[in-house]
Amino acid sequence: MTYKETFWMACDSTEQLRAEYGPFHTRAEAELEARKLGFGFLLRYEHVIGDNDDIKEVRCIFIELPPGPAPVRMIRRLHTRCATCGESAVHLEPWQAEVWADIHEFEHARHRVRLFEQTRAEGLREIDDWRDACA
């Protein structure tokens with residue numbers, strides 16, 4: 001007796017060299033993850049399984065996602081790094097970065113801490129004059 005097994009993947013393109021993320025049991029799960037990652041396609045794999053649990057046929061179906069709202073939850077991380085000695089740390093809140101920088105600069109005379117912000121959309125970028133902006 002043959003049966004069909006279906007699973008879903010989030011993918012960034014229809015090209016042969018594409019990024020895929022998954023698998024997911026439902027389309028809704030795959031679509032949610034694709035939107036989080038900024039991917040524009042879903043890929044549905046259908047495996048036709050034979051009597052001896054061997055794969056008889058594989059079907060790949062690409063589904064282009066309609067433009068939707070940007071992900072609601074944008075993850076932002078703050079990175080502090082000493083320009084003098086290279087010591088660094090990762091923070092979720094701005095006050096944590098400021099406290100780390102204050103302690104590091106207090107313990108190490110003449111060291112200067114730089115602040116970077118990292119998001120999925122923009123990557124890593126330095127925040128210039130961040131000490132002046134906090135004051």
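Taking the C-alpha atoms only, the angle from helix 94-107 to the longest principal axis of the chain is near 40 degrees. For Thr84, nonlocal amide neighbours, meaning residues 5 or more places apart or on other chains whose placed amide H falls under 5 Å from its own, are Arg112.
Assuming a ≥ b ≥ c are the square roots of the Cα gyration tensor eigenvalues, decide whether the chain counts as rounded (a/c under 1.5), prolate (otherwise, with a/b larger than b/c) or oblate. Please list the in-between numbers first.
Details: a/c = 4.09, a/b = 3.07, b/c = 1.33.
Taking the square roots of the gyration eigenvalues as a ≥ b ≥ c, the chain is prolate.
Could you line up Tyr3, Tyr45 from fewest to most neighbouring Cβ atoms inside 10 Å? All intermediate terms of the calculation are to be shown ahead of the outcome.
Working: Tyr3 10, Tyr45 16.
Ascending number of Cβ neighbours within 10 Å: Tyr3, Tyr45.
Just subtract the alpha-carbon distance of Ile75 and Ile55 from 0.36 nm times their residue separation and send over the number in nm, one decimal. Please report the intermediate quantities before stating the final value.
On the way: separation 20, 0.36 × 20 = 7.20 nm, distance 3.98 nm.
The span from Ile75 to Ile55 would gain 3.2 nm if fully extended.
Under the rule of -39500 (n - 2.57) per DSSP H run of 4 or more residues, summed and divided by the residues of the chain, what mean residue ellipticity at 222 nm is obtained, to the nearest 500 deg cm²/dmol? Display every interim value, and only then the final one.
Values: 3 runs with 30 residues, N = 135.
Result for the chain, helices only: -6500 deg cm²/dmol.
Whole-Hz ³J(HN,Hα) for each residue in the stretch 27-39, computed from phi via Karplus 6.51 cos²θ - 1.76 cosθ + 1.60 with θ = phi - 60°, x for glycine and proline: what do you get? So the Karplus estimates, Gly and Pro as x, are 5, 4, 4, 5, 5, 4, 5, 4, 5, 4, 7, x, 7 Hz. Reported to the nearest whole Å, the Cα centre-to-centre distance from the stretch 1-53 to the stretch 74-127 is 38. Across the stretch 3-64, counting alpha-carbon atoms alone, Rg and Dmax equal 12.3, 39 Å.
FYI, it's all coordinate maths here, none of it is from the lab. All values derive from a computational prediction rather than experimental measurement. Quick reminder, even Gly has a Cβ in these numbers, built from the backbone with ideal geometry, and neighbours come from all protein chains shown.
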